[in-house]
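Enquirer: Below is the structure I would like to discuss, written out as C-alpha cells.
The values are calculated or read from the model by the stated rules, or taken from the named source; none is laboratory data. Quick caveat, the model's predicted, so the values are computed rather than measured. Every residue, glycine as well, gets a Cβ built from its backbone with ideal geometry; the counts of neighbours run over all protein chains shown.
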Amino acid sequence: MTRSLSLPIVIAALFAFGGPAQADGRTEVTSRIKDLASVAGVRSNQIVGYGIVVGLNGTGDGNVAATLQSMQSMVARFGLTVDANALNAKNAAAVMVTAELPPFAKPGQKIDVTVSAIGKAGSLRGGSLLMTQLVGADNETYAMAQGNLAVGGLGITGNDGSKVSVNIPTVGRIPGGATVERTVATPFDSSPAMMLNLNVPDFSTSSRLAKAIDRELGKGTAYALDATTVRVAAPKDVNQRVAFMAVLEEIRVESASPPARVIVNSRTGTIVIGEGVRVTPAAVSHGSLTVRIKENQNVSQPNSGVNVQGNNPGNAAPPGGQTVVTQDSQIDVSAPPARTFLFAPGVELSNIVDAVNNVGASPSDLVAILEALKQAGALHADLIVI
C-alpha cells in the first residue's frame, strides 16, 4: 500500500529541521565543508568485467552461443579440448560484474561487486562466480573478483510455463568479492594546492566557504575561483596535508539560500516548492470537466412468418428477417463551477499552498496551475519537471 502526504505536510517537514531564523525571516543553516564540497581528483572509479557463474540448478543460459564459447575458453585454459556444441550451459550463466573502486584503495583490499545476468538465465541463486578480471576505462586490470553470490530474488518456473518471481533473481552481490590489484593515482599528495569543488555550484556559498576557511586557518588560505571551485593552500608534506584536511573538512559554513525552484514529478504527482518562491499579482480560475460515455447494445429481433392479426394468413410478416444489434450511446458532460483565487503582490510559499488547497486542487491540477503561472510570468521561480 502506498501512502502519500498532503502538500502542506510535505513542505512543513522540509523546513522543520532548519536552524534558527534570522531577523529577515530567512532560516540559517550551517554545514560542514565535507558535506558541501569534495576534493578535486579524490573520487571513486567504476570498473567492470565479463565472467561466468556456475553451479546453478538448471536456471542457466542453456544454449546461448556466447556462454558456450566462454565455457569452451575456460576449460581450454586447463588443457581440455571440448567442442562448444557438445556443451550445455543450463547450469551456467554469462554475467557482467561491476564494482566501484574507492579513492586511495590499496592492493589487497576487498571491495563489493554486483553480478548481473546478460543471457537467458532465469536465476543466479546458488551460483558461484569464477575468477573475473575487472578493468577500468583504460582497459587496465584493477581488481579480481570471485566468490559465491548472495541473491535476494527468487524465480520459479512450472512445467506448464507459469512463473513466479520475487524481486530480481538475475542480480546478485558478493560482499568483499573482489581484491584490489592496482592503485589509482590521485593528485592529493602531489598538487601544490587543494581544489574544493562544491556539490551544488553557487557563488554565495563559494564565497562564504573561502571566508570561513580564512577565518579558521588564516587570511589568504583560500580563494574562490568560481561558483564551483575554491583553491586552498595546503602543506607540501603528505602527513601534514592529511591532518590539515581533517581540520578543514570540519569547518562549518553558513549555506546560501538556494534558488527559488518548484520541482514537479510528473509520474508520481509529487510537488516540492522550495524557499523563496514568489508570485506577482495573478488571478487563477481552474475547473474540472468530466465526460462520461455509456454504451448500450439493443437487439432488434424481426418477426419471421408470424401471424400478427388473428388467424388470417395474409397478415403474416414476410420471412427472411435478420437479427440486428444497434448501438445506443449516452454522453453526459458535467463541469463543476470553477473557483477563482487571487494572488496578491509578493505572495509567499504558505499563501500559495493555502490558496491551492482551499480550492481542492489535486496534484495534477496544481501542476497545470504552476505551468500557467510560469507562462504568464507571475511565478518567480524555476519550474523543473522531472
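Enquirer: Specify the residue that is surrounded by the fewest Cβ atoms within 10 Å (Cβ to Cβ); the eligible residues are those in the range 204-225 that are in contact (Cβ under 8 Å) with a residue 24 or more places away in the chain and out of contact with any strand residue (DSSP E or B) (no Cβ under 8 Å at 6 or more places or on another chain).
Expert: Step by step, filter the range 204-225, then rank; the result is SER204.
Enquirer: Could you tell me whether the range 166-176 includes any residue that is surrounded by fewer than 16 Cβ atoms within 10 Å (Cβ to Cβ), within 30 Å of ALA381 (Cα to Cα), out of contact with any helix residue (DSSP H, G or I) (no Cβ under 6 Å at 6 or more places or on another chain) and modelled with pLDDT of 90 or more?
Expert: No: the range 166-176 contains no residue that is surrounded by fewer than 16 Cβ atoms within 10 Å (Cβ to Cβ), within 30 Å of ALA381 (Cα to Cα), out of contact with any helix residue (DSSP H, G or I) (no Cβ under 6 Å at 6 or more places or on another chain) and modelled with pLDDT of 90 or more.
Enquirer: So SER255 fits all but one of (1) more than 32 Å from the chain's Cα centre (by Cα); (2) crowded, with 19+ Cβ neighbours inside 10 Å; what number is the exception?
Expert: All conditions pass for SER255, except number (1).
Enquirer: How many residues are of a type in the set (Val, Ile, Thr) and over 20 Å from ALA66 (Cα atoms) if we restrict to the range 111-127?
Expert: Within the range 111-127, residues that are of a type in the set (Val, Ile, Thr) and over 20 Å from ALA66 (Cα atoms) number 3.
Enquirer: Looking at the range 234-250, which of its residues are touching a residue at least 40 places away in the same chain (Cβ under 8 Å) and surrounded by 16 or more Cβ atoms within 10 Å (Cβ to Cβ)?
Expert: ALA234, ARG241, MET245, LEU248, GLU249
Enquirer: Ok, one more. In the range 92-147, which strands (runs of 3 or more DSSP E) lie fully inside it and hold 3 or more residues that are within 17 Å of PRO169 (Cα to Cα)?
Expert: Qualifying strands (runs of 3 or more DSSP E): 92-101, 110-117.
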